Amino acid sequence: MMAAMNPPTTDPAVIYRTRDAIAAADALAAAIVHLDLFTGLARAPADVAEVCRRHGLHPRPTDVLCTLLSAQGLLARDASGRFEPTATAREFLVDAAPFDARSYYAAMADKPGVADFLQVLRTGRPANWPGAEGEADWHASMRTEAFAEAFTAAMDCRGRVLAPALATAVDGGAARRLLDVGGGSGVYSIAMAERFPTLAATVLEAAPVDAIARRTIRAAGLEGRVAVVAADMFATPWPAGHDLHLFSNVLHDWDEADCRRLLAMSVSALPAGGRLLIHDMLLDDDKAGPLWAAEYSVLLSTVTQGRLYSTAEIAGWLAELGFEIVARAATALGRSVLTGSRRMAEPSPRPRRRIESGVAP
């Protein structure tokens, strides 16, 4: 039987951040060597849409790139919201700059990772995931058993750091049943069940990951409290009767339209008084940081259909569904959890009593 899930005694941030940031250097090189982005923006600042028009790029990865360069201190927004180079970028990364460093990156022009990110910028589609055996991207690769095993193991080891922190950060005592949407190995449901003894959970996962989740839950000795339902979360009705929904590191794998679909499905399935939890690495509302999140968003945009989102973006989607964010708490490894619930209707103003001739009606 697996030991109870406890947080690590040391901080593994450098281990996970190094991996999360692995594609950021390639994105910077693509901006310098292939797009000469800073020279163009020095001549004429532009927003994401205009950058896309100038260079023939797709909005999703271009947004990710501008977020990265902002977090690195190389781009800033002017008064009208357009991007322009910072003083550092003007001194080192534009044509005829006094310390022009663009040639320092020239040797990276044909690096595979740079080519991959340039492909993503131009098409909006994920580049090939290493080891995917010919599959087009991570989403397709997850349907194969060998890749699903390897990838789920990677996410499970990270989850054993994140899950205890998540369970500690949220108020789950009032919930009866948790639906863990796209719950992977079940590591988050296990941590929540251990933290809250009266909570039952269901992991909603597609094959073949559902079998991995059953195995992990059995090893934790929680088969009686944590169930697994095999389903496509986009195409199959969700199990009813769950008053708490969890999206842990799920939304960042999908584009905005799909994120909205998932949240709408959650809201429609939640009973009155139900809540949802969104656990992820989040961008600042101005999308100029944090740097770790901006770096990780590049990796996500390269291998999935998604990116990282800001709290403001998620709050806007929830508002359209009648929900609001009522709490935010830090967990671990730069991640946070948002708690959403239905917006309380504002009470109608009481009618004023009319008094005529000093006599109340």
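The values are calculated or read from the model by the stated rules, or taken from the named source; none is laboratory data. Note that this is a predicted model, so its numbers are computed, not measured. Positions of Cβ are backbone-derived with ideal geometry, glycine not excepted, and every protein chain shown enters the neighbour counts.
Brief remarks follow.
- The set of residues in the range 275-291 that are out of contact with any strand residue (DSSP E or B) (no Cβ under 7 Å at 6 or more places or on another chain) and either crowded, with 19+ Cβ neighbours inside 10 Å or over 23 Å from L333 (Cβ atoms) (or both) comprises D280, M281, A288.
- Flag for D171 being under 24 Å from R328 (Cβ atoms) and modelled with pLDDT under 95: yes
- Within the range 20-65, tally of residues that are closer than 25 Å to S103 by Cβ and assigned to a loop (DSSP other than H, G, I, E, B): 9
- Only helices (runs of 4 or more DSSP H) whose full extent lies in the range 252-342 are considered here, and the ones with at least 3 residues that are within 30 Å of D116 (Cα to Cα) and assigned by TED's automatic domain parsing to the domain that holds A163 are 256-269, 311-320.
- Options T168, T198; residue that is over 15 Å from F247 (Cα atoms), in a loop (DSSP other than H, G, I, E, B) and of a type in the set (S, T, Y): T198
- Note on the range 66-87: among residues that are part of a strand (DSSP E or B) and either under 25 Å from the mean Cα position of the chain (by Cα) or at pLDDT below 95 (or both), the one that is surrounded by the most Cβ atoms within 10 Å (Cβ to Cβ) is L75.
- The condition (being of a type in the set (S, T, N, Q) and closer than 29 Å to L333 by Cα) is satisfied by just one residue among T39, T62: T62.
- Some residue of the range 235-244 being within 21 Å of R328 (Cβ to Cβ) and modelled with pLDDT of 95 or more: yes
- Evaluating D180 against the criteria (1) part of a helix (DSSP H, G or I); (2) buried (at least 22 other Cβ atoms within 10 Å of the Cβ); (3) of a type in the set (D, E, K, R) leaves one unmet condition, (1).
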